[in-house]
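Participant: Let me begin by handing over the structure; questions about it come next.
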Amino acid sequence: MRVTRATIFLGNLRHNVEMIRRHAPEQKILAAVKADAYGHGSPQVAQTLQQEGVEYLGVATLEEAGELRREKITLPILLLGIPHPEEIPEAAGLNLAFVVSDAEHLGWIGEATRGQRMKVPLHLKIDVGMGRLGIVPESAISLARSIGKYPQLYWEGVMTHFPSSDNGEVQPTSEQNKIFTQVIADLKAAGYEFELIHAANSGAILDHPETHHTMVRPGILLYGYTPTFEHRERRNFYPVMQLESRVVLLKSLPRNATLSYGQTYVLEHDAVVGVVGCGYADGYSRGLSNRGRVRIGDKFFQVSGRVCMDLFMVDIGNASDVSRWEKVILFGPFQDGPDAWDLAQILDTIPYEITCAVSRRVPRVYAEETQYWR
Ligand SMILES: *Cc1c(COP(=O)(O)O)cnc(C)c1O
């Protein structure tokens, strides 16, 4: 039995889908399951989402899509990234929809799928300020027209992505959505209509109902976190992942004993020290050295000394009720923490990076329960 594992509460995932539906009751949902479903394991997550009636999935790479198809996921999948031209035939074979930002890429898709009987769905992406994928609004109609040469292609969707829907500032997203809406009107006037119109990531799902259009694209909300720390008090989303390990060794050390590399932690008193079987190679960042806080039973303890590759230590003091092999929670669905936002705050990052960082050597264990400890 490997002591370090990530328990994935599928009941929490179902609950979060339900909460998203409350925010966007009329819309379809495209669930972002890229990066192995933000580290949660995309086959199982996708299966659960499929059962929950989610309508569409989004991945970043061809490999991610391939894994889902091998696991018999039949939902439509949108390839959010730009595949290399050599990857296009395989992507088309997996029955993927493509995001299109420029005419050259559209041409590659058109050539690679020429003569194919199955129609290939495309989503025209508009850049309204992200400066990443998408075409500038002025050129949208000309890009839409370039589909004309390829009878096997069709415009299924039009989309954009907001750069600041999650920073609490209403103005930019509202302006950008107006630009997006105008482009859609212009495209319509030019004879192009789209079944799927989508823009809203998690931040916009929560704060910008006018951006919901016909489909919303949640990522982080599905996994139980709001995209901004300030919103976390809206705790109706339940973290799905619990990273846990165990106390692999307990030892009594005298006052002034030092812990871990660099001897940055010095015991102030004689104390019991717990060695925990998890390290930065598991995705528990070295930046949490002397700063992270873990949960053992109903008590909290500080990471004491540097986090090593496979282990770290906690000063347990004189808490005599901690026993060897006891479970240590590194983050999970607890109202009083630690959760991925707590670690993200310490590490100056976002919960996305915390769950994505949980490495491949950590087994994901799937539980059907809904768990949220208040
Ligand atoms: C990842 C992604 C999302 C989801 O973003 P969240 O902030 O996690 O909700 C939405 N749209 C696109 C294009 C993405 O790449």
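Participant: In region 57-94, what residues are within 16 Å of the ligand (Cβ to nearest atom), buried (at least 21 other Cβ atoms within 10 Å of the Cβ) and not charged (D, E, K, R)?
Facilitator: L57, G58, V59, A65, L68, I77, L78, L79, L80, P83
Participant: Right, next: Go through region 128-152 and report how many residues are within 16 Å of the ligand (Cβ to nearest atom) and surrounded by 21 or more Cβ atoms within 10 Å (Cβ to Cβ). Give the derivation first.
Facilitator: The first filter runs over region 128-152 and keeps only residues within 16 Å of the ligand (Cβ to nearest atom), leaving 128-135.
Retained after the next criterion (residues that are surrounded by 21 or more Cβ atoms within 10 Å (Cβ to Cβ)): 128, 134.
Of the residues in that region, 2 qualify.
Participant: If you don't mind, there's one more thing I want to ask. Return the residues of region 336-349 that are in a loop (DSSP other than H, G, I, E, B) and buried (at least 19 other Cβ atoms within 10 Å of the Cβ); say none if nothing qualifies. Outline the logic, then answer.
Facilitator: Applying the first criterion (in a loop (DSSP other than H, G, I, E, B)) to region 336-349 yields 336-339, 348-349.
Residues satisfying the conditions are P338, D339.
Participant: Let me ask another. Which residue pairs have Cβ atoms closer than 9 Å, lie 6 or more positions apart in sequence or on different chains, and pair a first residue in region 279-298 that is assigned to a strand (DSSP E or B) with a second residue that is of a type in the set (S, T, Y)?
Facilitator: Pairs that qualify, where the first residue is assigned to a strand (DSSP E or B) and the partner is of a type in the set (S, T, Y), are V294/S245.
Participant: While we're on this one: Answer yes if at least one residue in region 168-183 is buried (at least 20 other Cβ atoms within 10 Å of the Cβ) and near the ligand (Cβ under 9 Å from one of its atoms), and no otherwise.
Facilitator: The initial filter retains those residues of region 168-183 that are buried (at least 20 other Cβ atoms within 10 Å of the Cβ), namely 173, 176-177, 180, 183.
In the following step, the residues that additionally are near the ligand (Cβ under 9 Å from one of its atoms) were identified as none.
Checked against the condition, which is being buried (at least 20 other Cβ atoms within 10 Å of the Cβ) and near the ligand (Cβ under 9 Å from one of its atoms), region 168-183 yields no hits at all.
Participant: Of the residues W155, W108, only one is touching a residue at least 12 places away in the same chain (Cβ under 8 Å), surrounded by 14 or more Cβ atoms within 10 Å (Cβ to Cβ) and more than 23 Å from I29 (Cβ to Cβ); which? Don't jump to the end; show me each part of the working.
Facilitator: Details: W155 fails: more than 23 Å from I29 (Cβ to Cβ).
W108 is the lone residue from the list that is touching a residue at least 12 places away in the same chain (Cβ under 8 Å), surrounded by 14 or more Cβ atoms within 10 Å (Cβ to Cβ) and more than 23 Å from I29 (Cβ to Cβ).
Participant: Could I ask something else about it? Hey, can you tell me all the residues within region 227-245 that are over 11 Å from the mean Cα position of the chain (by Cα) and either within 11 Å of the ligand (Cβ to nearest atom) or small (G, A, S) (or both)?
Facilitator: Scanning region 227-245 gives T228, S245.
Coordinate-derived values only; no laboratory data. It should be emphasised that the depicted structure is a prediction, and the values quoted were computed from it without experimental measurement. So basically every Cβ, Gly included, is an ideal-geometry build from the backbone, and we count neighbours across all protein chains shown.
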